[in-house]
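The values are calculated or read from the model by the stated rules, or taken from the named source; none is laboratory data. What you see is a predicted model; the values in this text were computed from it and never measured. Positions of Cβ are generated from backbone atoms using ideal geometry, with glycine treated the same way; all protein chains shown enter the neighbour counts. Please note that ligands, DNA and RNA were not included when accessible areas were found on the heavy atoms of the full protein model with its side chains. Shrake-Rupley method; radii C 1.70, N 1.55, O 1.52, S 1.80 Å.
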Amino acid sequence: MVVLGDLLPLAVGVAISPIPIVVAILMILSKNASAAAGGFATGWTAGILLATVVFAVLAAAVGLSADSEPGTAAAWVKIVLGLLLLVVALAQWHRRADTAPPGWMRGIDSLSAGKAVLLGAGLAAVNPKNLLLCASAGVAVGASGTAVAAQIVAVVVFTVLAAASVLGVVVGYTLAADRLRGALDRGRVWLEDYNHVVMAMMLLVMGAVVLGKGIGGL
């Protein structure tokens, strides 16, 4: 399926986002570890799915199919999304010296399962960086012109791949807590120190990919 090839780099982009991985690790190491981490992983996955579905439906509803005249409109949408990703990448690069974690992370230690779900969904579907990636994926699916069943499969595959990092951290720790505690803590420190650099590089690549797809569709 051609659309899966378009979705793979976007899914990887979401999956390697440092902040949700750091949050998942912090929740694992918190007082309410199992409930909070499980809730966060659930919210993160649901947020990715919801954002992608919304943009896929919108793209299909306004007729951005590559098999029709509005396919040019789909190309311009991808160009705009690609440019926005490049702008955010530049902003992240300019903040690369800032290694301080966001203020909202300080309350993670006492977060309930319900609030963890909301936090996960918010980081996935509201955070501008991840929202742009999910929007790009949704537009790619909705404008693909494939059957609805194929589009559903594409969205599910994208969601699973995009959520894989957070799900992997939570499930892995559940299965091997003692062996992973030290490695996860070291990983958390590294991701906090290089968060902006990682995001800048990732968004630069994703922006170039989406922009290239848009230009190629004109």
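Structure values in brief
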item	result
Unique residue being within 20 Å of the chain's Cα centre (by Cα), closer than 14 Å to residue 28 by Cβ and of a type in the set (A, V, I, L, M, F, W, C) when the list is 139, 169	169
3 or more residues more than 21 Å from residue 8 (Cβ to Cβ) and not β-branched (Val, Ile, Thr): qualifying helices (runs of 4 or more DSSP H) within region 108-208	113-125, 148-175, 177-193
Hits in region 1-25 - residues which are under 10 Å from the mean Cα position of the chain (by Cα) and aliphatic (A, V, I, L, M)	10, 11, 12, 14, 15, 16
Near pairs, Cβ below 9 angstrom, 6+ apart or cross-chain, from region 205-218 (touching a residue at least 12 places away in the same chain (Cβ under 8 Å)) to any residue that is of a type in the set (Asp, Glu) and open to solvent by less than 70 Å² (accessible area, probe 1.4 Å)	209/6; 210/6; 213/6
Residues (open to solvent by 30 Å² or more (accessible area, probe 1.4 Å), of a type in the set (Gly, Ala, Ser) and at pLDDT below 90) located in region 34-64	34, 35, 60, 61
Matching residues in region 209-218 - criterion: being assigned to a helix (DSSP H, G or I), open to solvent by 70 Å² or more (accessible area, probe 1.4 Å) and aliphatic (A, V, I, L, M)	215
Per-region count, region 77-107, residues in a helix (DSSP H, G or I), modelled with pLDDT under 80 and not β-branched (Val, Ile, Thr)	7
Complete set of residues in region 16-29 that are buried (at least 21 other Cβ atoms within 10 Å of the Cβ) and farther than 10 Å from residue 133 by Cβ	18, 20, 21, 22, 23, 24, 25, 26, 27, 28
Residue satisfying all of: in region 161-213; closer than 18 Å to residue 18 by Cα, out of contact with any Leu (no Cβ under 8 Å at 6 or more places or on another chain) and of a type in the set (Val, Ile, Thr); modelled with the lowest pLDDT among these	189
